[in-house]
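Trainee: Encoded as structure tokens, here's the structure I'll be asking about.
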Amino acid sequence: MDEELVWRIAGGSGDGIDSTSQNFAKALMRSGLDVFTHRHYPSRIRGGHTYVEVRAAPEPVRSRGDGYNFLLALGDSFARNPQEEAYYGTEEVKPLSENLDDLREGGVIVYDEGLIDVEDVPDFEARVEANDWHVYPLDLRGMAREMGREVMRNTAGVGATGALLEYDLGHIEDLMADTMDGEVLASNREILEAASERVEAMEFTHDLRMPEGSHDAEQVLLSGSNAIAYGALDAGCRFIAGYPMTPWTEVFTLMTQHLPEVGGISEQVEDEIAAASLALGASHAGAKAMSGSSGGGFALMSEPLGLAEITETPVVLVEAMRAGPSTGMPTKPEQADLEHVLYTSQGDSNRVVLAPGDVEEAYEQTRTAFELAYDYQLPAILLYDQKLSGELRNVEEAFFDREPSPDLGATLDEDELAEAAHHASGKFQRFQHDPDNDRGVSPRSIPGQAGGRFLATGNEHTPEGHISESPTNRVAQVNRRVRKLEAIREELDARETTHQTLYAPVEDADYGIVTFGSQQGTVEEAVDRLADGHGVKSLCVSELKPFAAAEVTEFLESVDEALVVEMNASAQFRGLIQRELGRFGDRLHSLLKYNGNPFEPAEITEGYETIVDGAEPAPTTRFVPAAGD
């Protein structure tokens, strides 16, 4: 019997797949299980096959699984092309036909026979027999129409799931009572119970059951987007400007919902140039501000990003990677914007780039981004992707019990301004060549303060803010701005807690796996599987600029060879490591995936075996050996 449930609910866009899966995941969490969700949806505005996986187990889960073991196929009730000869195929049945390849041997299938005709699914019966699948057809649509509305067939499907897994539906009913009332609640309860009773009367041929677990502390269910938004709010952010673009839209929407509750402002503007520029203006005026976009929109932010760097205006920008270039696959994850974020904008850039690896890190590093941006007066960028954006995980509620941080960093009040450095003319030197610190940070004033200086030009400028092309002044200003990154690196290295995540079940491992961002949990699960009989450990790097050279060096020096795991075709993270630490180039192998799906743990273990014994990598990945191999 499987020790975990990986439940996939599939239907059409508009069928309520996302909301149903979220509620089911929350119910499982409340019943004591650890949960992890994976979301797949099309980029078509109206219609198209979509699914969500909910993985649940008694022990912590950090990744999607290798395939899944329970399919609830609702069919696509919004199918634009139900005809067999349609270009995109028979769309009504895709929630069944397109989800069979990943279903584990011995898995369970529940499908809505009120909408899906298995005669339209090629070789269905033969595949069922070959894979020992256990199939339970139910007229979910008919039940929903009879007792309420057709949209409630999702509830019928959940009721059927509960019965087949012998799961207490009381957790589902409690969740319903939290979100519904009146006739809607009564109808959903009736359908839930009716579906359960109908299934209980059937003969079960499978042995899959719901796992059992318990939590010692109160849990919350959050995505990376939730964590970034809540981290920004707790960091004191009170202004955001943006333009919707998948998957960044989720952070923007959450901030827009919650900022008014704390006296903040959200502005949706005409494009990403305006969004970043508006955030710079808000920061210049004394607010903690942020903006962001996905890769295509972030490209438009290059000019205001450079303006932030030369005017030393603190701001936090969010970049949500998706498969590109151009529009690419806008709803699929990829990690191919790393070089774009590190190097976009002209000239010698001055920025911080952090790439959180999970929900907790998304919250922590958002707060760090605001802290560094405002202490050092530069832009800080949070780099994540569609995977981290949308996947849900349970986290202890107490983790977020923190004090807010309204501090504006290196900003002077009027009394301090009176004592600060001034030009002989009496003008405050906003951009001092040699500020009274070793960090390169020249304290700023806020517009409206008596005795302040508020010039902020994109041209090179004197300490007073006037345009200057003096070679001496240019060298002094550039050197000071560059010194900030050196100081940030020193500060981060001196902290007791690190943003790099070392996972070492075997301390003296001969082999290492290195990754960045959202693949962290998947890599760690792969390391767990390899721990029996193999010496493997992993490092997930979050501090990409200034690069965490000391920690990465220590890790690479401790292993003979390392596998660099990333979701792109050009090995951008491996390239960054080799640029910063070139002497390790002969021990860095690449495992790349760029088909629109995140890694599964088994793909990483197979990539590791390619190093050790020359085995073939998974067909969904590409292995690139170390230089010289």
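Trainee: Would you mind ranking I488, I265, I513, I381 so that the residue whose beta carbon has the fewest other beta carbons within 10 Å leads the list?
Mentor: Least to most surrounded, the residues fall as I265, I488, I381, I513.
Trainee: Here's another thing I want to ask about it. For region 414-481, give the magnitude of the charge dipole about the Cα centre (Cβ charges: +1 Lys/Arg, -1 Asp/Glu; no others), in debye to the nearest 20.
Mentor: Charge dipole, region 414-481, about its Cα centre: 280 debye, nearest 20.
Trainee: Helix-only mean residue ellipticity at 222 nm, the chain, DSSP H runs n ≥ 4 weighted -39,500 (n - 2.57), per residue, nearest 500. What is it?
Mentor: Per the formula, -11000 deg cm²/dmol.
Trainee: Can I ask one more? When only alpha-carbon atoms are used, what values of Rg and Dmax, in angstrom, describe region 501-624?
Mentor: 13.0, 36
Trainee: With the dipole of the chain worked out from charges on the C-beta (+1 for Lys and Arg, -1 for Asp and Glu) around the Cα centre, which of A285, C237, V475 lies farthest toward the positive end?
Mentor: Value computed over the given set: V475.
Trainee: Looking at region 5-200, send over the antiparallel percent of its DSSP beta bridges, to the nearest 5.
Mentor: 50
Trainee: Taking log10 I(q)/I(0) by the Debye sum over Cα atoms at q = 0.06, 0.08, 0.10 Å⁻¹ as the quantity of interest, determine which of (1) -0.32, -0.58, -0.95; (2) -0.57, -0.77, -0.99; (3) -0.36, -0.63, -0.93 was computed from the displayed structure.
Mentor: It is the one labelled (3).
Trainee: To continue, here is another question. If you plug each phi of region 602-611 into the Karplus form 6.51 cos²θ - 1.76 cosθ + 1.60 with θ = phi - 60°, what whole-Hz ³J(HN,Hα) values come out, in order, with x for Gly and Pro?
Mentor: 4, 5, 6, 4, 5, x, 5, 4, 5, 5
Trainee: Same structure again: Let me check against my output: what whole-number percent is the relative contact order of region 501-624, with C-alpha pairs under 8 Å and at least 6 apart?
Mentor: Answer for region 501-624 is 26 percent.
Trainee: Between helix 520-530 and the chain, what is the angle of the helix's C-alpha long axis to the longest principal axis, kept within 0 to 90° and rounded to the nearest 10?
Mentor: So the inclination is approximately 60 degrees.
Trainee: Take every DSSP beta bridge whose two residues both sit in the chain, then give the antiparallel share in percent to the nearest 5.
Mentor: 40
Trainee: Taking amide H positions as placed 1.01 Å from N in the peptide plane, with prolines and chain starts having none, which residues 5 or more places from F516, or on another chain, fall under 5 Å of its amide H?
Mentor: Here V541 satisfy the definition.
Trainee: Between A418 and T620, what is the FRET efficiency for a Förster distance of 56 Å, r being their Cβ-Cβ separation, to the nearest 0.05?
Mentor: That pair, A418 with T620, gives E of 0.30.
Trainee: Tilt of helix 249-258 relative to the longest C-alpha principal axis of the chain, in degrees (0 to 90, nearest 10)?
Mentor: With both axes taken from Cα atoms, the answer is about 80 degrees.
Trainee: Calculate the dipole size of region 501-624 relative to its Cα centre from +1 charges on Lys and Arg beta carbons and -1 charges on Asp and Glu beta carbons; express the result in debye to the nearest 20.
Mentor: The calculation lands at about 640 debye.
Trainee: Taking the DSSP beta bridges in region 221-400 as the whole, what percent of them are antiparallel, to the nearest 5?
Mentor: Antiparallel bridges make up about 15 percent of those DSSP assigns within region 221-400.
Trainee: Mind checking which of G533, G607, N597 is farthest towards the positive end of region 501-624's charge dipole, using Cβ charges of +1 (Lys, Arg) and -1 (Asp, Glu) about the Cα centre?
Mentor: N597
Trainee: Taking the Cβ of E371 as the centre, find all other residues whose Cβ is under 14 Å away and add up their charges (Lys, Arg: +1; Asp, Glu: -1).
Mentor: So the surrounding residues net to -1.
Trainee: Using the Cα centre as the reference, give the magnitude of the dipole from point charges on the C-beta atoms of the chain (Lys, Arg: +1; Asp, Glu: -1; all else neutral), rounded to the nearest 20 debye.
Mentor: I would put it at about 2640 debye.
Trainee: Sticking with this one: Normalising by the residue count of region 5-200, find the relative contact order in percent from Cα pairs under 8 Å and 6+ residues apart.
Mentor: Computed over region 5-200, the figure is 19 percent.
Trainee: Could you tell me the relative contact order of the chain? Use alpha-carbon pairs under 8 Å, at least six residues apart, and round to a whole percent.
Mentor: RCO, the chain: 11 percent.
Trainee: Okay, moving on. Got a sec to turn the phi values of region 94-105 into Karplus ³J(HN,Hα) couplings, 6.51 cos²θ - 1.76 cosθ + 1.60 with θ = phi - 60°, whole Hz, x for Gly and Pro?
Mentor: 4, x, 9, 5, 8, 10, 7, 4, 9, 6, 5, 4
Trainee: Going toward the positive end of the dipole of region 5-200, with +1 on Lys and Arg Cβ and -1 on Asp and Glu Cβ, which of A73, G48, G159 do you reach last?
Mentor: Farthest along the dipole direction, towards plus: G48.
Trainee: Helix 471-494 versus the longest principal axis of the chain: what is the Cα-based angle in degrees, 0 to 90, to the nearest 10?
Mentor: Long axis of 471-494 versus the principal axis of the chain: about 50 degrees.
Trainee: I'd like the FRET efficiency for E496 and E218, computed as 1/(1 + (r/R0)^6) with the beta carbon distance as r and R0 of 22 Å, rounded to 0.05.
Mentor: Computed FRET efficiency for E496 and E218: 0.25.
Trainee: Could you order the peptides 92-105, 445-458 from most to least packed, using the average number of other C-beta atoms within 10 Å per residue?
Mentor: Top to bottom by mean Cβ count within 10 Å: 92-105, 445-458.
All of the numbers you see were taken from the coordinates with simple rules; none came from a lab. Predicted model, so just to flag it, every value in this text is computed and none were measured. Note: ideal-geometry Cβ built from the backbone for every residue, glycine included; neighbour counts use all protein chains shown.
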